[in-house]
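K.L.:
Can you keep this structure in mind? I'll have questions shortly.
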Amino acid sequence: DTDAIFKAIRAIRRSVRASSTALPEKNREPQKCFVLHPCSRARMVLDLCSVVLLSYEMFIIPYSLAWGTEGVTLSVFAWISLVFWTVEMCFNVRTGYFESGELEMRPQVVAAHYMWTWFWVDGLTVLSDWGSMLLALTINYVTGVSGVSEFGQLVKASRLMKLLGMLRMSRLGQHLERINDRFFTELLGDLAQILALLFAILWLNHLLACIWYAIGQMTATDTGVSWLDTMVDSANQIAYSDVPGSFQYTTSLHWAMTQMTPGSMPVQPLNTQERLFNVACLVFGMIVFSSIVSTLSARMTHIRITRNKHTNQIQMVSRYLQERSVNRSLATTVRKQLEDRIWQKRPLVMDDIEPLSLLSQQLRRDLDVEINRGHLMSHAFFRLAARVDGTSLNMICTKAKENILLSGDVLFTPGSETDCFFFLRSGMMQYCRLAELSRGRDQEVDVKQGGWLCWAAMWTHWTTVGTAEAAATCDLMGLDASDILPVLVTSAVLFNIAQDYGQAFHCRLSSAIPPTSQWPDDVVVPVTDHAEIILSLKHDQRVLIGLLALQELKTTPWAARPQYHVRWLEQEVQSGESTLVENANGKIERIVAVVALHLRYHGDLLVQLAVIENGIAEPSVKLVGGKRGDREEPAAAMQRIMAEKLAPFVDAIHLDGCSHLVENKESERYQVSTTYHRAVYSGVFEETFVFPDFPLLTFSQPPGDLLPEPEKCFVFDQSSKTCIYSLLAPDVFERLQTSTGEKALRSWLLNVQLEIE
């Protein structure tokens, strides 16, 4: 196993040392840009606004073109619509899409896809909107348009451009599809489709009514009259052309609906244009409206059949409960819960789809990998497994099982022995840790999408210490450790790493006890995150993992940096000074493990102020501490550092607690994200302890309020350097760590560095 690891290290080392210029451009990831997920909340809000505004325009544009109404209200809505659709085009360029079931979020590909699909429709409609608005402003405000012929041409051009805005309705189906996928259950989806069909019938009649009125307004006819010349009141000689617009519209809408139904209507076509349009409407109604009505009937029938099916199932359960003489109160509770859950939308699992059983074994495995690989890669260990041996991870994907829980279902209860762990693909779980099993207070946490439960079962024979209940419909991926172990054995390198990984996890799990740690539970095991476990592995294993991460780092824009960065980082990884790992998000991080001592003496803290090298003092305000050694546990590192830096009074120090902090910042030397895992121990000097005589500092000028008191400062020689220590109040220590405090301390050091007694 060790030989296999060394062979892998040598192969990867050769790859890492290769020049980054040899990498093909296509393997370099572009800089991250803003791309909107097609199912995100922001996109849904945009789609809802689009549907509302589009519905408004579908009714108002035909009406305003036919009746020529341009009031103040319509002008305001016209400007709102113009601005909205222009802004929406910008979002469309940055909205991802699904291609053959795969989500595409690369900015350049998304933009190119939009340019080749909907850009031309959106661009033409937005340009027509702007053109129509500019022509309308020209007609209303430009004094140079005075001729009747010229004025009439501008009006016609303005209306033609406004008519082009109707092309936007072709996007309505896309908006509705995204909204339906996110919000609607099966029943609500059927009801939404019925409402959409009714809306389509109403809109088509509205459109035909507007066209019918526009034809009636035509002055040039073969008979010299139109339907608007028909008398409404023969006695008073009042024609349809003389009545208010609201009556004209309702009359036109009434006429349009009679073309689709057997209803009667006193208005008749009075010229050839109207007669031809009447015939066209009859043919259109015979074909299109009959299809819409049949579709509407089919949807209503589907809802009725589904409802009858569910009703029959509930009646069957009621009959069963009655035959078994179940208590009436319990039977009522059963029926009520069944009536509530039977209409809930339940995600499909592979076993529910019978045709998938006909697939070949190879294609079925490929489908399992496609579905589960992305979820497994959300944990850093499986991402590492993919880098070491991708085939093994694909085999693990085939072992995953799908679990669906409805709201209120319980995944596990306290005291259950399990080798299974779970990944929450969607939904939310509510976890409650019981005090009597966890040896602590009750704790309730929400496990959200992307969370893991019972991860400790991967490495130990785990017994649950809480209850996990579905707060909403949940889709979980379950894995059994007994199924994964045979897969890991097939790869010598991966099995070697996993074996030590499990031992390190078990060791940390066993030591997770107060006061230095919190009790572990089914959601969190303290100090067992991936980076901490990697730091506990053998040197050769950490080198292999670091080189794999460095190899992946070279495929990013970081590889364009000078080659000495790569060499420095490789040398540090091989020496064990730091470790490179790939986190759960696929980002390469440099891991440094340090320990620090929060040491109290009568309310003050013992801190390091500066380091003196070659007679020059440089500010270095921090707690006493240092880096952990190779495979060194935090407690052992703390004892070593106390013995090295605080040897004269190490016996007078009592440690009473420990906290683990994680800090992330950019490394100035390597230009790589660096994560510092700090184990901060708290301690106190014994009450009777008195500091021995150390070299003290003298001052030519008294220090300010921000600086330490002279009698609480002393010099302490270490093996390779001299340090200035001080006893500081906690607030003074915090202020000295700021940029203002560092500046004041630097001036103070210039005043005292040559006056050490």
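Residue-wise test of (1) within 21 Å of Pro62 (Cβ to Cβ); (2) hydroxyl-bearing (Ser, Thr, Tyr); (3) surrounded by 16 or more Cβ atoms within 10 Å (Cβ to Cβ).
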{"residue": "Leu208", "(1), (2), (3)": "yes, no, yes"}
{"residue": "Trp227", "(1), (2), (3)": "yes, no, yes"}
{"residue": "Asn236", "(1), (2), (3)": "no, no, no"}
{"residue": "Pro244", "(1), (2), (3)": "yes, no, no"}
{"residue": "Pro266", "(1), (2), (3)": "no, no, no"}
{"residue": "Val288", "(1), (2), (3)": "yes, no, no"}
{"residue": "Ala298", "(1), (2), (3)": "no, no, no"}
{"residue": "His302", "(1), (2), (3)": "no, no, no"}
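K.L.:
Shifting gears a bit: Identify the residue in the range 658-687 that is small (Gly, Ala, Ser) and modelled with pLDDT of 80 or more and, among all such residues, is farthest from the chain's Cα centre (by Cα).
P.N.:
Ranking the qualifying residues of the range 658-687, first place goes to Gly683.
K.L.:
Would you please name the residue that is nearest to Ser517 (Cα to Cα), looking only at residues in the range 610-619 that are touching a residue at least 24 places away in the same chain (Cβ under 8 Å) and out of contact with any Leu (no Cβ under 7 Å at 6 or more places or on another chain)?
P.N.:
Looking at residues that are touching a residue at least 24 places away in the same chain (Cβ under 8 Å) and out of contact with any Leu (no Cβ under 7 Å at 6 or more places or on another chain), I get Val611.
K.L.:
Counting only residues that are of a type in the set (Gly, Ala, Ser) and closer than 22 Å to Gln362 by Cβ, which one in the range 382-422 is surrounded by the most Cβ atoms within 10 Å (Cβ to Cβ)?
P.N.:
Ala385
K.L.:
Based on what the data block shows, is Ser360 closer than 30 Å to Asn496 by Cβ and among the hydroxyl-bearing types (Ser, Thr, Tyr)?
P.N.:
no
K.L.:
Quickly run through the range 92-120 and pick out the residues that are part of a helix (DSSP H, G or I), of a type outside the set (Ser, Thr, Tyr) and surrounded by 14 or more Cβ atoms within 10 Å (Cβ to Cβ).
P.N.:
Scanning the range 92-120 gives Asn92, Val93, Pro107, Val109, Val110, Ala111, His113, Phe119.
K.L.:
Inside the range 397-419, can you point out the residues that are touching a Lys or Arg at 6+ places or on another chain (Cβ under 9 Å), over 12 Å from Leu476 (Cα atoms) and in contact (Cβ under 8 Å) with a residue 40 or more places away in the chain?
P.N.:
Of everything in the range 397-419, those that are touching a Lys or Arg at 6+ places or on another chain (Cβ under 9 Å), over 12 Å from Leu476 (Cα atoms) and in contact (Cβ under 8 Å) with a residue 40 or more places away in the chain turn out to be Ser407, Gly408, Pro414.
K.L.:
For the range 554-578, how many residues meet the condition of being part of a loop (DSSP other than H, G, I, E, B) and either modelled with pLDDT of 70 or more or touching a strand residue (DSSP E or B) at 6+ places or on another chain (Cβ under 7 Å) (or both)?
P.N.:
Residues flagged as part of a loop (DSSP other than H, G, I, E, B) and either modelled with pLDDT of 70 or more or touching a strand residue (DSSP E or B) at 6+ places or on another chain (Cβ under 7 Å) (or both) within the range 554-578 amount to 6.
K.L.:
Among the candidates Thr143, Thr219, which residue alone is among the hydroxyl-bearing types (Ser, Thr, Tyr) and at pLDDT 70 or above?
P.N.:
From the options Thr143, Thr219, the qualifying one is Thr219.
K.L.:
So, one more: With Phe495, Phe421 as the choices, which residue is at pLDDT 90 or above and farther than 29 Å from Val349 by Cα?
P.N.:
Phe495 is the lone residue from the list that is at pLDDT 90 or above and farther than 29 Å from Val349 by Cα.
K.L.:
Kindly indicate whether Ile513 is within 14 Å of Phe381 (Cα to Cα) and either among the hydrophobic types (A, V, I, L, M, F, W, C) or part of a helix (DSSP H, G or I) (or both).
P.N.:
no
K.L.:
Also, quick follow-up: Could you figure out which of (1) in the same structural domain as Phe381 (by the TED database); (2) buried (at least 16 other Cβ atoms within 10 Å of the Cβ); (3) touching a residue at least 40 places away in the same chain (Cβ under 8 Å); (4) part of a helix (DSSP H, G or I) isn't true of Arg508?
P.N.:
Looking at each condition in turn, Arg508 falls short on (3).
K.L.:
Please determine whether any residue of the range 516-531 is surrounded by fewer than 17 Cβ atoms within 10 Å (Cβ to Cβ) and either over 27 Å from the mean Cα position of the chain (by Cα) or farther than 30 Å from Gly657 by Cα (or both).
P.N.:
No, the range 516-531 contains no residue that is surrounded by fewer than 17 Cβ atoms within 10 Å (Cβ to Cβ) and either over 27 Å from the mean Cα position of the chain (by Cα) or farther than 30 Å from Gly657 by Cα (or both).
K.L.:
Considering each residue of the range 522-556, count those that are assigned by the TED database to the domain that holds Trp462 and farther than 27 Å from Ala596 by Cβ, and give that number.
P.N.:
Final tally of qualifying residues: 2.
K.L.:
Then there is this: What pairs come out if I take residues in the range 630-646 that are outside any helix (DSSP H, G or I) and pair them with residues that are among the polar types (S, T, N, Q) whose C-beta lies under 8 Å away, six or more apart or interchain?
P.N.:
Arg631/Ser536; Glu633/Ser536
K.L.:
List every residue pair whose Cβ atoms sit under 8 Å apart, with the two residues 6 or more apart in sequence or on different chains, where the first one lies in the range 121-138 and is assigned by the TED database to the domain that holds Val76 and more than 21 Å from Gly68 (Cβ to Cβ) and the second, anywhere, is modelled with pLDDT under 75 and surrounded by 15 or more Cβ atoms within 10 Å (Cβ to Cβ).
P.N.:
Val121/Arg168; Val121/Arg171; Asp122/Arg168; Asp122/Arg171; Leu124/Leu164; Thr125/Leu164; Thr125/Gly165; Thr125/Arg168
K.L.:
If you don't mind, another one. Quick check: anything in the range 545-568 more than 31 Å from the chain's Cα centre (by Cα), aromatic (Phe, Trp, Tyr) and more than 20 Å from Ile588 (Cα to Cα)?
P.N.:
No, that holds for no residue.
K.L.:
Okay, moving on. Specify which of the listed residues (Leu393, Leu376) is under 25 Å from Leu103 (Cβ atoms) and touching a strand residue (DSSP E or B) at 6+ places or on another chain (Cβ under 8 Å).
P.N.:
Exactly one of Leu393, Leu376 is under 25 Å from Leu103 (Cβ atoms) and touching a strand residue (DSSP E or B) at 6+ places or on another chain (Cβ under 8 Å), namely Leu376.
The values are calculated or read from the model by the stated rules, or taken from the named source; none is laboratory data. Because the structure is a prediction, the values reported are computed rather than measured. A quick note on method: Cβ atoms are made from the backbone with ideal geometry, for glycine too, and the neighbour counts reach across all protein chains shown.
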